[in-house]
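Every number here is computed from the coordinates shown, using simple stated rules; none is lab data. Since the model is a prediction, treat every value here as computed from it, not as a measurement. FYI the Cβ positions are ideal-geometry reconstructions off the backbone, even for glycines, and counts take in every protein chain you see.
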Amino acid sequence: MRNIIITLLFLLSVITASAQEFICQVNVSSQQVQTTDKSVYEVLQKALYEFVNQKKWSSYTFKAEEKIECNIMINVADRSGDRYKGTMSVQFRRPVYHTSYYSTILNYVDKDIEFEYLEGQALDFADNTHTSNITSLVAYYLYIFLGLDFDTYSLYGGTPFYQKAEAVVSAAQSAPEKGWKSYESMKNRYWLVENLTNSSYSAIREGLYKYHRQGLDIMTENMDLGRAGVMESLELFRKAYREKPGLYLMQLMTDAKVDEFVNVFSQASPMDKTRAVNLLKEIDPANGNKYQKIIETK
């Protein structure tokens, strides 16, 4: 009987582990901080890793091959007692069907990171409650990751997760730390989720779906059809760009995709190359020189 119970508990633990959403690498760097005691950073890194990878963030059950791969790196630049300041790098990528290739969707450095942490303290988080800035920061980006992931598999599928990220922002409005409020900057956490939930820019989300699900995912079976899907997504991105040039979400998306755009169209027909370059230069003029390489590639 005892062996049966142990076996059942083991199987339950395996099932529970497989239900989690993320395979996330979490790192806390303290190279810029002058201190010989590194233990607090190691403890924080372990606690954050467990907070991200062992907590359930949705009602969905993810198979092992469906888990979302991401990276979170906190670079502590200054510490005063239990208060930390620095940056947070976040990266989320999505696998492409029938390949070993991963497509990066978000690759961003949040420069407004400040939080309090006492070594060994529990990392608590609850929706609609700002318990601590560090857990709100991490939860916010995890919900953004989930939203982007679902958006690339089903049209507007990420909406419930963007709403959760929006709730994190709302709960943090009275927090003293930067990055949560609309008036602080046009390029912060507030505006990222605002852009994702604003129906005026929904063409970007539709474009992300077409780009991945009707573009990259079918390229191994039909390159021309897949590239056509990507081209349709560029038309949608242009629609959103013309609605509001310089949109924060558009900037983040093109920053993550610029090299991939070049690779997708470098082997296209001359007509498609020209069309793609014209679209890309309009939606992302800062990288115009990179897109010109598409036409120059033989």
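Which residue fluctuates most in the GNM of the chain (Cα springs below 10 Å): GLU194, GLU65, GLU232? Result for the chain, Cα springs under 10 Å: GLU65 fluctuates most.
Taking each pair of different alpha-carbon atoms in the stretch 73-139 once, compute 1/r for the pair, average those values, and report the inverse of that mean as the Kirkwood hydrodynamic radius in Å to one decimal. The answer is 14.0 Å. Ordered by the number of other Cβ atoms lying within 10 Å of each residue's own Cβ, fewest first, LYS38, LYS63 fall into the sequence LYS63, LYS38. Computed from Cα atoms, the angle from the helix 159-171 axis to the main principal axis of the chain rounds to 50 degrees.
Amide hydrogen proximity for ALA77: with H placed 1.01 Å from N in the peptide plane, the residues at 5 or more positions away or on another chain lying under 5 Å are LYS85, GLY86, THR87. In the stretch 201-266, the inverse of the mean reciprocal separation of distinct Cα atoms equals 11.9 Å; this is its Kirkwood hydrodynamic radius.
Assuming R0 = 35 Å, can you tell me the calculated FRET efficiency for the pair TYR97 and ASN289, based on Cβ-Cβ distance, to the nearest 0.05? Efficiency for this residue pair is about 0.65. Each part reduced to its alpha carbon centroid, the stretch 242-261 and the stretch 93-164 end up 19 Å apart. Rg and Dmax over the alpha-carbon atoms of the stretch 142-238 stand at 15.7, 52 Å. Proximity of backbone amide H atoms, modeled 1.01 Å from N, is registered between ILE23 and ILE68, GLU69, CYS70 at under 5 Å, excluding neighbours fewer than 5 places apart on the same chain.
Applying the Karplus relation 6.51 cos²θ - 1.76 cosθ + 1.60 with θ = phi - 60° to the stretch 37-53 yields 3J(HN,Hα) values of 9, 9, 4, 4, 6, 5, 5, 4, 4, 5, 5, 5, 4, 5, 4, 6, 8 Hz, where x marks Gly and Pro.
Farthest towards the positive end of the charge dipole of the chain, among the residues LEU106, ILE134, TYR201, is the Cα of TYR201, using unit charges on the Cβ of Lys, Arg, Asp and Glu. Scanning residues 5 or more positions from THR104 or on other chains, those with amide H under 5 Å from its amide H are ARG94, with H placed 1.01 Å from N in the peptide plane.
Start at zero, step by 5 Å, and the Cα-Cα distances of the chain spread as 1, 5, 11, 15, 16, 15, 12, 10, 7, 5, 2, 1, 0, 0, 0 percent across the bins. Each stretch of four or more DSSP H residues adds -39500 (n - 2.57); spread over every residue of the chain, this sum gives -16500 deg cm²/dmol at 222 nm.
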